[in-house]
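First the structure, in the form of structure tokens, and then the observations on it.
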Amino acid sequence: MDKYFLYARKSTDEEDRQVLSIESQIDELKEFAAKEKLEIVASLCEAKTAKEPGRKIFNEMLKRIEKGEANGIIAWHPDRLARNPVDGGQVIYLTDRDKIQNLKFPTFWFENTPQGKFMLNIAFGQSKYYVDNLSENVKRGLRQKLRRGEWPSMAPLGYFNDPKSRKVLIEKREAKIVKKIFAMYLTGDWTLDALAKWCNTKAKIKSHWGHPFSASMMQNMLKNTFYVGVFTYWDETYQGSHDTFISRDLFDKARAMMRKRGRAREVKKHNFAFLGLMKCASCGCYITAESQKGHTYYRCTKKKGKCETKFLREEALVEQMRATLTSHSIRDDWADKMLAKLDTEKERNEQTTKALAQEKKDTLIVVEKKLDNLLDAKLERSISTSEYLSKKDTLVNEKVRIEEKFAQLRGEGLVWLEPMREFILLSKQAKKVAISRDLLEIKNSMKNIGSNFLLKGKTLRFEAHLGWAVAAQSASFSSWCAQEESNLQPWA
Ligand SMILES: [Zn+2]
């Protein structure tokens, strides 16, 4: 196991002004070490500049590394270790001879390769320009990597970052386990928690970040599109060039399962079907719901003080709703007859509309012709400019009025047909819903019929929507009703 010195430094230099205090550096580094599971031999700190070589504690640390007390250093950033080529060179020389196996920085990624050492050297070289420029180059390299469809970060479970090819490859043993996790989840017998527990205790795998598996990690894994060859980096989606071992079908099924379960939990959370639907008739507060001994009760929240309204059992409430829905439903044969009538009416309306359209066309042609003549007259100079302008104004306005008038006629004919059809269909449906066991369906159906639901004593009251309201306002509908009234008895 690697052993590390923890090294923190802050000088009074202008350059160090923005740097964390020594105490904060130590705190952060200890936390970082714990997360990364790094063993610390000793924590060292000094308040000296690193511009000049010759820091006492730093030099002692390097000597102790030379002796083999530790083989790594943890620091906030390379510039905490060195800001001059001599000290920087010493550190790199130690890595060259494997006296230092690893350098860890929360703010800088070091890899013990020639490229890594090169970057480290530049980070030591204190020139901000170089470091910035370098990070620009690194970004450019990153963009190229992304364009090639290569995942630029830590490989997810089932894959590993191959240091040779610098690509993400399938890790066969892990891939097998990932596949198994997908299959287990699809059985429906495993919760995310249970899967996480299974991974931690039975599966003999470790997460790549070193943390124990959690439910949210399981969830992220099951919906990680990386497994089907697509990944997102900084909100942009890329087609990955890596090989896959999870089929699209398996993946889609897992997503569907997750959505289904998510909904199931949501429904469970609010399992009071009529919560928020009613207000108390005597005090105006909302009616809330509670569960006791396996029954659901609805009662006044009494937010405005004392209220006499008693609770109502859900069964009794539903009973009343069923009765209401039944009484508001139309007999099927009547509903069908009315729908057929509506179809006839719609057809008649379409014919009228067609006739109106023709009439409009004819009228407009006359006006257009007049406008043409007027222009001719102007070109022949048989009328004055002022005469032309005034007559044109009249004709253009006439044209617009004709168009408006026909648009209005057309709209009037249709306005009640669609609400009426909807109303009949809902009424027809109401009696089916009345015997439904789905309370949400009953609630929605009640909302189709009325609004302002009140609980008065133990009785449900509401204002019925005038299903006919929109329709009844239309003159054409009234006459249609009058015409049919004698032989129409729609209510069951
Ligand atoms: Zn009340």
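Looking for whichever is surrounded by 13 or more Cβ atoms within 10 Å (Cβ to Cβ), closer than 18 Å to Ala155 by Cβ and in contact with a Pro (Cβ under 6 Å, 6 or more places away or on another chain) here; the options are Phe182, Phe226, Phe245. Which one fits?
Phe226 is the lone residue from the list that is surrounded by 13 or more Cβ atoms within 10 Å (Cβ to Cβ), closer than 18 Å to Ala155 by Cβ and in contact with a Pro (Cβ under 6 Å, 6 or more places away or on another chain).
This table checks each residue for (1) assigned to a loop (DSSP other than H, G, I, E, B); (2) within 8 Å of the ligand (Cβ to nearest atom); (3) surrounded by 12 or more Cβ atoms within 10 Å (Cβ to Cβ).
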{"site": "Gly284", "(1), (2), (3)": "yes, yes, yes"}
{"site": "Tyr298", "(1), (2), (3)": "no, no, yes"}
{"site": "Lys303", "(1), (2), (3)": "yes, no, yes"}
{"site": "Lys306", "(1), (2), (3)": "yes, no, no"}
{"site": "Thr309", "(1), (2), (3)": "yes, yes, yes"}
{"site": "Glu315", "(1), (2), (3)": "no, no, no"}
{"site": "Glu319", "(1), (2), (3)": "no, no, yes"}
{"site": "Thr324", "(1), (2), (3)": "no, no, yes"}
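Out of (1) under 30 Å from Ile424 (Cβ atoms); (2) at pLDDT 90 or above, what's the single condition that is false for Cys283?
Unmet condition: (1).
Do we find that Lys428 is closer than 19 Å to His328 by Cβ, in contact with a Ser or Thr (Cβ under 9 Å, 6 or more places away or on another chain), modelled with pLDDT under 80 and in a helix (DSSP H, G or I) in this structure?
Yes; evaluated as a whole, the condition is true for this residue.
Does the stretch 158-172 hold any residues that are assigned to a loop (DSSP other than H, G, I, E, B) and over 16 Å from Leu146 (Cα atoms), and which are they?
Passing the criteria: Gly158, Pro163, Lys164, Glu171.
Pairs only if they're at least six apart or on different chains, beta carbon under 7 angstrom, first in the stretch 278-295 and polar (S, T, N, Q), second within 14 Å of the ligand (Cβ to nearest atom); list them, first residue then second.
Here the result reads Ser282/Cys307; Ser282/Glu308; Ser282/Thr309; Thr288/Arg299; Thr288/Thr301, each pair linking the stretch 278-295 to a residue that is within 14 Å of the ligand (Cβ to nearest atom).
Tell me, yes or no, whether the stretch 88-101 has at least one residue that is surrounded by 13 or more Cβ atoms within 10 Å (Cβ to Cβ), of a type outside the set (A, V, I, L, M) and either assigned to a loop (DSSP other than H, G, I, E, B) or assigned by TED's automatic domain parsing to the domain that holds Trp209 (or both).
Within the stretch 88-101, one or more residues are surrounded by 13 or more Cβ atoms within 10 Å (Cβ to Cβ), of a type outside the set (A, V, I, L, M) and either assigned to a loop (DSSP other than H, G, I, E, B) or assigned by TED's automatic domain parsing to the domain that holds Trp209 (or both).
The values are calculated or read from the model by the stated rules, or taken from the named source; none is laboratory data. Bear in mind the structure is a predicted one, so any value in this text is a computation, not a measurement. For neighbour counting, all protein chains shown are included, and Cβ atoms are generated from backbone atoms with ideal geometry for every residue, glycine included.
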